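Novice: My questions will all concern the structure given below.
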Amino acid sequence: MKESIINAHENLIFRATFNDNQTELLNTGVSTDVTYNHGVAIFNGSSSKIDYNEYCTNVYSIRFKFNSLDSLTQAIAKLSSTISLSVNAGVITTTGITTPSIYINGKLNSTITATGGDVFIVSTTPFTIDDFVVGYDSTYFSGAIELVEFYNDAFVEGMVDAIYSRRYFTEHPADLELVKKMRSQGYIWVPGNKLYAGCENGFWVAKYEMKASKNINGRGLNVSDFPGMTSTYNTWFYDEDSNVSIVSTPEGSPIARITQTESIAACSAIGGHLITNNEWMTIVRNLEMVSSNWSTGTVGQGYIYSGHNDGTPGGALEASVDTNGYAGTGQTSGNQRRTLTLTNGEVIWDLSGNVWQWTSDTILRKDQPDGFNNSDDDVSNTGFNYFDYSKSTGGTLYLDSSDLGNTTLTYKDLFLFTSSDYNASTNGIGRIYTYSDRNDTSTTEYAFLRGGTWTHSSNAGVLNLGLNNTPGSRYYSFGVRCVK
């Protein structure tokens, strides 16, 4: 039967579940010789099928949850006169769907076993489903099916895994209309973390670096569209035209030359606030636990993708669709991927690289973390410098998580929680730029900049932290991200 869509993913456009009441099932599908057992539809391979009078356009993703398959080579379903689903020697196969990505039990994989599995088929090209028949194409299907769903969203792997594991549903607000509203405004939900005050219950963060807008269809403005903008870095200089609202949208040149003070006011003006360091770290701690954010596909092994940071091209980039994470970089693999995925499957753009992003925090210079020399492990009193977050062969200077000097910051403010051994050269997390002098007494106030820019190479990363600019500083690569 087709269910009302309550507390489900907002892009779900069709769902068929199978209960033991065949009469109820007939409301949306004509069933022939199908038996039902505790929510599972059992097909006999010779005459069983369910015909649905459904017409769904702009379908990008389909889901079949199999309880079992009696044969690993057989037809499964017809979705239209030109689209079908089958299995061939254990490999899920489609016809009529353009370059599909196939996932089984949340992971990119097309091989299924007789015990079944949760199969997602995703295409970046939309298609239309009609004349939809479960259990029959040119021959009949033999096995058991628990669930069929269609979505008008081209999911990336993290989203498929989140829906499969039900993290999407448990790590999002229950109010579906609120989810739709916030996503339409370019905000995504971040699951909470009790380590960070104010973040215990989660929050909405801008999916993209903020853009300037004159409320033209809610899109960000491109520098190239406005000859008066003197930026040569594809960044919108806020001090040249601050008579704009700011929006979270993929289109447009990222805002830059905005101070921390102005960022706080600009986020407040749209009903939000400038992201805090606690919120930043809540996001990072979450991202760390998602295998698809790591180069090896295994958490803690390899590097976390660090975005546009190699200086080519020599400026900031617009964002794109979530399946195009290397947009504008000239790359198709490697550490330049600009998208990272939360445990609930939501995708965030450019948390590392592209432009710096202010957070609302400040620190006195005398309270900044002090580092060490890698060569002799003595305290480094060099003033401002880049330090690795752990001792490694990748750099000459490092911090010690058990001895941060006179800092007011703590381990959880600076590091990934699960390891104190991650570093920039191996793990892609970025470095900290801090004033290292244990005898320093300066009370000059400095503001937090995070993420790094398009030129920061291995210094860029989700933990990159710059502590050498005051709240009133502005630069062609200083940007902003808001929270609501």
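Novice: Of all alpha-carbon pairs in the range 297-442, indicate the percentage at a distance above 19 angstrom.
Specialist: The proportion of pairs with Cα distances above 19 Å equals 58 percent.
Novice: Calculate how steeply helix 260-269 sits against the longest principal axis of the alpha-carbon atoms of the chain, using the helix alpha-carbon long axis, and give the answer as 0 to 90 degrees to the nearest 10.
Specialist: Approximately 40 degrees, to the nearest 10.
Novice: Plugging the Kirkwood radius over Cα pairs into Stokes-Einstein for the chain, at a temperature of 37 °C and a viscosity of 0.692 mPa s, what D comes out in µm²/s?
Specialist: It diffuses with D of about 135 µm²/s by this estimate.
Novice: What do you get for the angle between helix 277-288 and the principal long axis of the chain? Use alpha-carbon atoms, 0 to 90 degrees, nearest ten.
Specialist: Tilt relative to the chain: about 50 degrees.
Novice: In angstroms, what radius of gyration and Dmax does the range 12-157 have, counting Cα atoms only?
Specialist: Answer for the range 12-157, Rg first and Dmax second: 13.8, 38 Å.
Novice: Once every DSSP H run of n ≥ 4 in the chain is given -39500 (n - 2.57) and the sum is divided by its residues, what mean residue ellipticity at 222 nm do you get, rounded to the nearest 500 deg cm²/dmol?
Specialist: Calculated at 222 nm, the ellipticity per residue is -3000 deg cm²/dmol.
Novice: While we're here: Isolated Cys in the chain by the 4.7 Å beta carbon test?
Specialist: So far as the 4.7 Å Cβ criterion goes, CYS56, CYS199 stand without a partner in the chain.
Novice: From Cα coordinates alone, what are the radius of gyration and Dmax values for the range 374-460 in angstrom?
Specialist: Using the Cα atoms of the range 374-460, the pair Rg, Dmax is 12.8, 35 Å.
Novice: Taking neighbour counts of Cβ atoms within 10 Å as a proxy for exposure, in what order, fewest first, do ARG365, ARG438, ARG474 appear?
Specialist: ARG438, ARG474, ARG365
Novice: Something else: Do the alpha carbons of any pairs in LYS366/LYS391; LYS65/LYS207; LYS180/LYS207 sit beyond 20 Å of each other, and which pairs?
Specialist: Going by Cα-Cα distance, LYS366/LYS391; LYS65/LYS207 fall outside the 20 Å limit.
Novice: Using Cβ contacts closer than 10 Å as the measure, can you line up TYR411, TYR398 from fewest to most?
Specialist: TYR411, TYR398
Novice: Let me ask you something else. Taking the alpha-carbon distance from LYS194 and a cut-off under 15 Å, which aspartates and glutamates remain once sequence neighbours fewer than 8 residues away in the same chain are dropped?
Specialist: The reachable aspartates and glutamates, counting only those whose Cα sits under 15 Å from LYS194, are GLU171, GLU279, ASP413.
Novice: Take the range 130-245, drop everything but the C-alpha atoms, weight them equally and run the Debye formula without solvent; then report log10 I(q)/I(0) at 0.13, 0.18, 0.19, 0.23 Å⁻¹ to two decimals.
Specialist: -0.80, -1.07, -1.12, -1.30
Novice: Still on this model: What residue among THR470, GLY325, TYR398 has its Cα farthest toward the positive end of the dipole of the range 186-484, where the charges are +1 on Lys, Arg and -1 on Asp, Glu, each on the Cβ?
Specialist: GLY325
Novice: Can you tell me, using C-alpha contacts under 8 Å and at least 6 residues apart, the relative contact order of the chain as a whole percent?
Specialist: Computed value for the chain: 14 percent relative contact order.
Novice: Report, by chain and number, residues whose modeled amide H sits under 5 Å from the one on PHE141, excluding near sequence neighbours (fewer than 5 apart, same chain).
Specialist: For PHE141, whose amide H was placed from the backbone, the distant partners under 5 Å are GLY45, TYR136.
A short reminder: the numbers here are calculations on the coordinates, not readings from a lab. All of these numbers come straight from a predicted model, not from anything done at the bench. Every residue, glycine among them, receives a Cβ derived from its backbone with ideal geometry; neighbour counts consider all protein chains shown.
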